[in-house]
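This report refers to the structure that appears directly beneath it.
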Amino acid sequence: MSSPTILIADEDPVWAASMGRLLEAEGYRVLSVRTGADAFYQACMRGPDLILLNPQLSQLTGWEVCRRVKQSPGLGRVKVVMLSPDGQRAFRAGADGYLIKGGQLEPSLPPVRAFRHPATGILLDFQHRRALAA
């Protein structure tokens, strides 16, 4: 069985690279893009298990990417977590959850304020292992 794939769609290359390293160290396959158009394209082409999606992307907003992913018949199993403190808006866009991305250089997943449908346990499992390592 292959490792779950996580697509990070964020315009901040330092944060995305740092998060990618953390996730790869936990055994996940990580893809990273910096625009909304690339995020939707990669979602369609690669079908990741989870998308960590910043709403403030160029070319196509993260909100629109989320809506398109959730409306695409072939992407029904893809879970989307918005990198935003606006949980209500994230759920209205169809996201499965939201994550508050702090301003820190080294990202950490907690706190997850609301997580309606854990993306096949990926984030919860990651958080648990990070908490045990701390």
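A few remarks follow.
- V14 vs. criteria among the hydrophobic types (A, V, I, L, M, F, W, C) and either out of contact with any strand residue (DSSP E or B) (no Cβ under 9 Å at 6 or more places or on another chain) or modelled with pLDDT of 95 or more (or both): yes
- Filtered residue count, segment 20-61, keeping only those that are basic (K, R) and free of Cβ contacts under 8 Å to residues at least 12 places away in the same chain: 1
- Of the numbered criteria (1) of a type outside the set (D, E, K, R); (2) surrounded by 12 or more Cβ atoms within 10 Å (Cβ to Cβ); (3) at pLDDT below 90; (4) over 12 Å from the mean Cα position of the chain (by Cα), the one S84 fails is (4).
The values are calculated or read from the model by the stated rules, or taken from the named source; none is laboratory data. None of these values were measured; they are calculated from a predicted model. Cβ sites come from the backbone with ideal geometry, for glycine too, and all protein chains shown count toward neighbours.
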